[in-house]
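Read the structure below first, then the notes.
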Amino acid sequence: MDLRLPTEGLDRYDSASQRARIGTEAWGALNFFCPVCKSPRLDIASRNTAAVDYLCPKCDSPFQLKSQSKPFGNRIVDAAYSEMKRAILSDRTPNLYVLHYDLTQWAVRTVILIPHFAFALSAIECRPPLAPTARRAGWIGCNILLNKIPPDARIPIVESGKASPVSEVRRAYKRLRPLGNLRVETRGWTLDVLNVVRSLNKKEFSLPDVYAHANELAKLHPKNAHIPDKIRQQLQVLRDLSLLEFLGGGFYRLR
């Protein structure tokens, strides 16, 4: 994988943001592969395909690219809040490649892949409406909250300028694919509990460890009045998905 961004034809663009968009999209067309199947490449999607930048030529899986010159924080700027919310609830979000490039070196530094089934409503943040003086006055965008997406679902493609083996990426994606079989209505709960479990930073943990985050989960799901029951249920779901192992006596182990 060549981490240098293409430069050919970029001198036609005066805008630095345009050059970055064209350069990173071209790099993706040369280097991205499909984690869903064994296709070694992705095709650039037609320009009228909303929220989709690439398509797998073998399995038709859609992918979107978000790129930025700043290292990743907790937020990635996304498009309209209403559209993203609707996409999550209708299970239409594309797989997302998030790319950080070094502007001075004109090279890729970090890329992560977020599977399409890893987005819960808790992972998007509504931004304030644009001011009345703005060209799109009243428009409401959103941010993707990376810290609300379980670390399992932030699959490294490039870390600190080093590419991950394709086999490892596909193995990580395959491990999480059963999440995609859950109903959208319940998947958000499963992802939120998995994120809590990962935040414990323990290989083995207890039920009280997770109960300690009940208030946090209650804020994410204010209509649910039985948070402890839901926590136990979702730990069973994660066990059935082979992401957890039940040790007995209220103790669990990450797998």
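Close contacts from the stretch 55-68, counting a first residue that is basic (Lys, Arg) and a second that is at pLDDT below 95 and open to solvent by 40 Å² or more (accessible area, probe 1.4 Å), with Cβ to Cβ under 8 Å and a gap of 6+ residues or different chains, come to Lys66/Val77. Is it true that Glu168 is under 30 Å from Leu5 (Cβ atoms), acidic (Asp, Glu), open to solvent by 40 Å² or more (accessible area, probe 1.4 Å) and in a helix (DSSP H, G or I)? Against the criterion (under 30 Å from Leu5 (Cβ atoms), acidic (Asp, Glu), open to solvent by 40 Å² or more (accessible area, probe 1.4 Å) and in a helix (DSSP H, G or I)), Glu168 qualifies. Scanning the stretch 58-74 finds no residues that are at pLDDT 95 or above, touching a Phe, Trp or Tyr at 6+ places or on another chain (Cβ under 7 Å) and basic (Lys, Arg). Annotation for the stretch 125-137: no member residue is modelled with pLDDT of 95 or more and open to solvent by less than 20 Å² (accessible area, probe 1.4 Å). In this structure, Arg41 does satisfy being over 19 Å from the mean Cα position of the chain (by Cα), open to solvent by 10 Å² or more (accessible area, probe 1.4 Å) and within 21 Å of Tyr173 (Cα to Cα).
Across the stretch 234-246, the number of residues qualifying as open to solvent by 70 Å² or more (accessible area, probe 1.4 Å) and either among the basic types (Lys, Arg) or touching a residue at least 40 places away in the same chain (Cβ under 8 Å) (or both) comes to 1. Scanning the stretch 1-20 for residues that are surrounded by 15 or more Cβ atoms within 10 Å (Cβ to Cβ) and either in a helix (DSSP H, G or I) or among the hydrophobic types (A, V, I, L, M, F, W, C) (or both) gives Met1, Leu3, Leu5, Leu10, Arg19, Ala20. Please enumerate the residues belonging to the stretch 58-106 that are part of a loop (DSSP other than H, G, I, E, B), touching a strand residue (DSSP E or B) at 6+ places or on another chain (Cβ under 9 Å), loosely packed, with under 13 Cβ neighbours inside 10 Å and of a type outside the set (D, E, K, R). Matches in the stretch 58-106: Pro71, Asn74, Gln105. Contact map, the stretch 7-24: residues that are over 18 Å from Arg47 (Cβ atoms) paired with residues that are outside any helix (DSSP H, G or I), Cβ distance under 8 Å, separation 6+ or inter-chain. Pairs shown: Thr7/Trp106.
Checked across the stretch 211-221, the condition of being in contact with a Leu (Cβ under 7 Å, 6 or more places away or on another chain), aliphatic (A, V, I, L, M) and surrounded by 15 or more Cβ atoms within 10 Å (Cβ to Cβ) holds for no residue.
The values are calculated or read from the model by the stated rules, or taken from the named source; none is laboratory data. No experiment lies behind these values; they were computed from the predicted model shown. In this analysis, Cβ positions are derived from the backbone assuming ideal geometry, glycine residues included, and neighbour counts consider all displayed protein chains. Just the protein is used for accessible areas: all its heavy atoms, side chains included, with ligands, DNA and RNA removed. Shrake-Rupley method; radii C 1.70, N 1.55, O 1.52, S 1.80 Å.
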